[in-house]
Amino acid sequence: MTELEPVSTVPSEAEPRSLPTDDVAALAAKVNELQEQLKRLQAEKDELWQTLIRRQADFENFRKRLERERQHDADRAVMALAEELLPILDNFERALAAHTEQSYEDYRRGFELIYRQLEDLLARYGITRIPNPVGQPFDPYYHHALERVETGDYPEGTVIEVLQAGYRFRDRLLRPALVRVAAQPTSDSMS
């Protein structure tokens, strides 16, 4: 007689295990439910990611706007101080021009030193003198004409004298130069 081989109740690894149809349907439903939940979570994550990107952009724009406003406030403060200092600088110029005698030479050197220090200080903050426009055409943006002088020495509309220097703050006009402008002599003035 032959020996009977024992029957194994555990399926071998090569043989797929079959489930009852009720279990398969329940697993398929659970898989579908998990897939839907994954899609919802993915959509929620994408929405939160877009919100984060927008908030970061908003914050960066806010930071840049705040920095511009701070710079603008600082510029306004410098301009306000410069507007108060420019008349003092003008008075220094007048004092230097008034006394050219030798007896005032020591005082003059002291005034020139203070004057240069004040100009250098203003230049460090971006306040510069408009270049001397004598001999140049009148520019209403940089010059304020106080008088038109009839002369044949200069062409019409040429600046012939600067009465008060003009100044700029970086690229903005702080104060126009007060000037005299040449006008062609009229026939009445020639006779």
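Any read-out appearing in this document is the output of simple, stated calculations on the displayed coordinates, not a laboratory observation. All values reported here derive from a predicted model rather than from experimental measurement. Cβ coordinates were reconstructed from backbone atoms using ideal geometry, including for glycine residues, and neighbour counts include every protein chain displayed.
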Quick one: in region 49-95, which of the residues that are within 27 Å of the chain's Cα centre (by Cα) and within 19 Å of R116 (Cβ to Cβ) is surrounded by the fewest Cβ atoms within 10 Å (Cβ to Cβ)? L81
How many residues are within 16 Å of R168 (Cα to Cα) and among the small types (G, A, S) if we restrict to region 75-119? 3
